[in-house]
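Encoded as structure tokens, the structure appears first; notes follow it.
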Amino acid sequence: MTKSSLFRRVLVCAAALLGLTVGNLDRVLSQGQTQGDDELQMGQEVFNQLKAKGEIVESSPLYDQLKPIAESITRAAQPRYNHPFKFYIVHEKQPNAFATPGGNVYVVDSLLYFVKNTEQLAGTLCHEVSHTIHHDTVELMEKQRKIEAREVGAAVLLGPTRAHVLAILLIGKLHSLHYSRDAEERADLTGSDVCAETGYNPWGLVWLFQDFKNANIAQVPELLSDHPNDQHRVDALEQHFRKNPQAFGKFNSDKKSATPFSAPKNAPETFLH
């Protein structure tokens, strides 16, 4: 039996002993901290988990590539969110980027070798930051919490806070955060707004979708996992650009205008412990 299965079984037994109903558990979980407090705690617990697994890169020449893009995005996105954005590189095989509640944004080192130009990388990060701005991860975990209320609700009475329970759910789903199509499209549009404010060409996200139409799905970043609907998202972005010529009219839609991005090969990494 896995630790996760054992944890779930203990909680179910505890809930039964306490005579808790799903409705009671849901009310318990809905009490306590504010959303802002929850988001900070959720983000910190995910950070602690990644650190304990030795995945967070403390220093590397890769940060020299990431830092100017991250700083520009932070300047544009920060007024939209009440906690500071912080960017970290993490080491994993599949190229990806993901943002957690509280403002932390994680960029998988292999993504820096995967993107073809600066605009694609900026578009990816602006998209992920937008999920945080919209509180999409918290909402997704809340839905999951309600589904699993009978199992995890008792944890609140046994000690952990509501945010801790949500963090448990989030940690288990970091690599499979399947947002709704509406949430993904909303993050695309807000991400393009943020990109435009930074001066990075927001067409980068469109180019990313176009480049990976025929890509090996096992190598595609999480934000492209909604593969069958990529064209719908491209259409929505292009419509957004046309409707807002003042913001987007100055940007070139031709991929040949992109700025090549090249991360140093086999860059050394020192991990945070």
### Query
What are the residues in the range 85-122 that are in contact with an Asp or Glu (Cβ under 6 Å, 6 or more places away or on another chain) and either open to solvent by 20 Å² or more (accessible area, probe 1.4 Å) or in a loop (DSSP other than H, G, I, E, B) (or both), if any?
HIS91, ASN96, PRO101, GLY102
### Complete set of residues in the range 158-211 that are crowded, with 18+ Cβ neighbours inside 10 Å, modelled with pLDDT of 70 or more and either of a type in the set (Phe, Trp, Tyr) or part of a loop (DSSP other than H, G, I, E, B) (or both)
TYR179, TYR200, ASN201, PRO202, TRP203, TRP207, PHE209
### Query
Can you find even one residue in the range 130-138 that is in contact (Cβ under 8 Å) with a residue 60 or more places away in the chain, in contact with a Leu (Cβ under 7 Å, 6 or more places away or on another chain) and of a type in the set (Gly, Ala, Ser)?
no
### Filtered residues of the range 226-264 (kept if more than 26 Å from THR190 (Cβ to Cβ), in a loop (DSSP other than H, G, I, E, B) and without any contact (Cβ under 8 Å) to a residue 24 or more places away in the chain)
SER262
### Message
Could you check the range 42-81 and list, in sequence order, the residues that are farther than 17 Å from HIS135 by Cα, part of a helix (DSSP H, G or I) and polar (S, T, N, Q)?
### Response
ASN48, GLN49, GLN65, SER72
#### Entry: Filter pass, LEU272 being modelled with pLDDT under 90 and closer than 21 Å to GLU92 by Cα
no
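The values are calculated or read from the model by the stated rules, or taken from the named source; none is laboratory data. The structure presented is a predicted model; accordingly, all values stated were derived computationally and were not measured. Neighbour counts run over all protein chains shown; Cβ positions are idealised from the backbone, glycine included. Side chains included, ligands, DNA and RNA excluded: accessible areas come from the protein's heavy atoms. Shrake-Rupley method; radii C 1.70, N 1.55, O 1.52, S 1.80 Å.
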